[in-house]
Amino acid sequence: AQSVSQHNHHVILSEAASLELGCNYSYGGTVNLFWYVQYPGQHLQLLLKYFSGDPLVKGIKGFEAEFIKSKFSFNLRKPSVQWSDTAEYFCAVIPGGFNAGKSTFGDGTTLTVKP
Amino acid sequence: EPEVTQTPSHQVTQMGQEVILRCVPISNHLYFYWYRQILGQKVEFLVSFYNNEISEKSEIFDDQFSVERPDGSNFTLKIRSTKLEDSAMYFCASSEASWNTGELFFGEGSRLTVL
């Protein structure tokens, strides 16, 4: 079975700092990769996704992620964070060929941005 | 923008009681899902539903759980006899007919507290 690990449980940054959240997965075949965000008191929302093509994907609100197949990684980045980015971030993986419901989520990383 | 809606937002129940959580998926979606998130833990897949039947379920989804689409709009999760460890946030999600879009649209969640 596939698994997803997010190395940082809690990240605290000041506004304008750069962000990188790590995500590694274990699955030998083709994968679809996602980052979801959960703002305080709100539901999960899709931030960005990778299915194929350019391994550098851009999402909403200035976020991007790079798929590095050799490292089984899909790290999330943002060059300059804002206070409003304070949220919990989840990496998710779906093996290629399965329906979307077979998503495996990481434990999540809580990001706190200090104004 | 269309969204997934869930009711109730919070339910408190006694151990051993039956609970029904309700969801209204996005109207043109055909795949429906339930996930749960125990406080401080990762989001876990419970079940997926397509064409009026369960298409996938996890080991968490035992005989105490059932899902139903009683009419054209609602999608329900029933827990027959709740246990303390069922306390969690339950998220409903839906996705479009095409399996490989992979994007899940989540509701805001129903918090279940079992006393």
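So for B:R36, B:R80, what's the accessible-area order with a 1.4 Å probe, most first? List each step's numbers first, then the result.
Values: B:R36 25, B:R80 110 Å².
Accessible-area ranking of B:R36, B:R80, largest first: B:R80, B:R36.
Springs between alpha-carbon atoms under 10 Å, Gaussian network over chain B: tell me which of B:K83, B:K42, B:K57 tops the mean-square fluctuations.
Maximum fluctuation in the GNM of chain B, among the listed residues, is at B:K42.
Would you mind putting B:103-113, A:55-65, A:104-114 in packing order, based on average other-beta-carbon counts within 10 Å, highest first?
On the way: B:103-113: 20.3, A:55-65: 15.5, A:104-114: 18.6.
Ranked from most to least packed, the peptides come out as B:103-113, A:104-114, A:55-65.
Give a residue-ordered list of calculated ³J(HN,Hα) values for segment A:46-60 (Karplus: 6.51 cos²θ - 1.76 cosθ + 1.60, θ = phi - 60°; whole Hz; x for Gly, Pro).
Here the 3J(HN,Hα) series is 6, 9, 6, 8, 10, 10, 6, x, 3, x, 9, 10, 10, x, 7 Hz.
Over chain B, what is the mean sequence separation of C-alpha contacts under 8 Å (at least six apart), divided by residue count, expressed as relative contact order in percent? It would help to have the intermediate numbers written out before the result.
Values: 274 pairs, mean separation 43.9, N = 115.
Once normalised by length, the contact order is 38 percent.
In nm, give the distance between the simple-model label positions of B:D63 and A:L56, each being 7 Å from the Cα along the Cα-to-Cβ direction.
Once both label points are built, they end up 5.6 nm from each other.
What size of dipole, in debye to the nearest 20, comes out for segment B:2-110 about its Cα centre when the only charges are +1 on Lys and Arg C-beta atoms and -1 on Asp and Glu C-beta atoms?
On the way: 8 positive and 15 negative charges, 38 e Å.
That gives segment B:2-110 a dipole magnitude of about 180 debye.
Between A:P79, A:P40, A:P95, find the one with the highest GNM mean-square fluctuation for chain A; connect C-alpha pairs within less than 10 Å.
Most flexible of the set in this elastic network: A:P40.
Pick from A:N32, A:N24, A:N75: which residue has the top mean-square fluctuation in a GNM of chain A where Cα pairs under 10 Å get a spring?
A:N32
Read phi for every residue in segment B:68-85 and hand back ³J(HN,Hα) as whole Hz from Karplus 6.51 cos²θ - 1.76 cosθ + 1.60, θ = phi - 60°, with x for Gly and Pro.
Per residue, the Karplus-derived 3J(HN,Hα) values read 8, 10, x, 9, x, 10, 8, 9, 10, 10, 10, 10, 5, 9, 5, 10, 4, 6 Hz.
Starting from the Kirkwood radius over alpha-carbon pairs of chain A, derive D by Stokes-Einstein at 10 °C in a medium of 1.306 mPa s and give it in µm² s⁻¹. Each step should come with its number before you reach the end.
Values: Rh = 14.2 Å.
The estimated diffusion coefficient comes to 112 µm²/s.
Determine how large the accessible area of B:V12 is when every protein chain is in place; take a 1.4 Å probe and give Å² rounded to the nearest 10.
Near enough 90 Å² of accessible area.
Would you work out which of A:L111, A:S52, A:V81 lies farthest towards the positive end of the dipole of chain A, given +1 charges on the beta-carbon of Lys and Arg and -1 on that of Asp and Glu, about the Cα centre?
Among A:L111, A:S52, A:V81, the one farthest towards the positive end of the dipole of chain A is A:S52.
Would you grab the residues whose amide H sits under 5 Å from the one on A:N75? Only those 5+ places off in sequence or on another chain, please, with H modelled 1.01 Å from N.
So A:N75 has HN proximity to A:C23, A:E66, A:I68.
Can you tell me the dipole magnitude for segment A:3-114 around its Cα centre, using point charges on the Cβ only (Lys, Arg +1; Asp, Glu -1), in Debye to the nearest 20?
The dipole magnitude comes to about 180 debye.
What is the local net charge at B:T76, summed over the other residues whose Cβ is closer than 9 Å to its Cβ (Lys, Arg +1; Asp, Glu -1)? Before the final figure, lay out the partial values.
Working: positive: B:R22, B:R69, B:K78; negative: B:E68.
So the environment of B:T76 carries a net charge of +2.
Please report the carbon-and-sulfur percent of the accessible area for chain A; probe 1.4 Å, protein heavy atoms only, DNA, RNA and ligands left out. Let's see the in-between values first.
On the way: 2760 of 5190 Å².
Answer for chain A: carbon and sulfur cover 53 percent of the accessible area.
Whole angstrom only: what separates the Cα centroid of segment B:25-70 from the Cα centroid of segment A:31-77?
23
Scan around A:N32 for amide H atoms under 5 Å from its own, H built in the peptide plane at 1.01 Å from N, and keep only partners 5 or more places away or cross-chain.
Distant-sequence amide H within range of A:N32: A:I94, A:G96.
Only bridges with both residues in chain A count here: give the DSSP antiparallel percent, nearest 5. Could the numbers behind the result be given before it?
On the way: 34 of 39 bridges.
Around 85 percent of the beta bridges assigned by DSSP in chain A are antiparallel ones.
Quick check: net charge around A:C91, other residues with Cβ under 13 Å of its Cβ, Lys/Arg +1 and Asp/Glu -1? The partial results should precede the final answer.
Details: positive: A:K49, A:R77, B:K42; negative: A:E20, A:E66, A:E88, A:D107.
Local charge sum for A:C91: -1.
Could you pull out the pairs from A:K78/A:K102; A:K58/B:K42; A:K61/B:K57; A:K61/B:K42 whose alpha carbons sit more than 31 Å apart here? Don't skip to the answer; put the middle values down first.
Numbers: A:K78/A:K102 28 Å; A:K58/B:K42 24 Å; A:K61/B:K57 34 Å; A:K61/B:K42 24 Å.
Table pairs above 31 Å Cα-Cα are A:K61/B:K57.
Kindly identify the protein assembly as shown as rounded, prolate or oblate by the Cα gyration tensor criterion: order the square roots of the eigenvalues as a ≥ b ≥ c, call it rounded if a/c is under 1.5, otherwise compare a/b with b/c, prolate if a/b is larger, else oblate.
Details: a/c = 1.85, a/b = 1.44, b/c = 1.29.
Taking the square roots of the gyration eigenvalues as a ≥ b ≥ c, the protein assembly as shown is prolate.
Report relative contact order for chain A in percent, whole number only (criteria: Cα-Cα under 8 Å, sequence separation at least 6). Please list the in-between numbers first.
Details: 286 pairs, mean separation 42.9, N = 115.
After rounding, I find 37 percent.
Spelling out what I want: for every residue of segment A:4-18, take phi, set θ = phi - 60°, compute 6.51 cos²θ - 1.76 cosθ + 1.60 (Karplus), and round to whole Hz; glycine and proline get x.
10, 10, 10, 6, 9, 7, 9, 10, 10, 10, 8, 3, 6, 6, 8
Taking H as built 1.01 Å from N, whose amide H comes closer than 5 Å to the amide H of A:E15, not counting residues under 5 places away?
Result for A:E15 returns A:K114.
The values are calculated or read from the model by the stated rules, or taken from the named source; none is laboratory data. Given the structure is predicted, the values throughout are model-derived calculations rather than measurements. All Cβ positions, even for glycine, are placed from backbone atoms using ideal geometry, and neighbour counts span all protein chains on display. Protein only, heavy atoms only, side chains kept; ligands, DNA and RNA dropped before computing areas. Shrake-Rupley method; radii C 1.70, N 1.55, O 1.52, S 1.80 Å.
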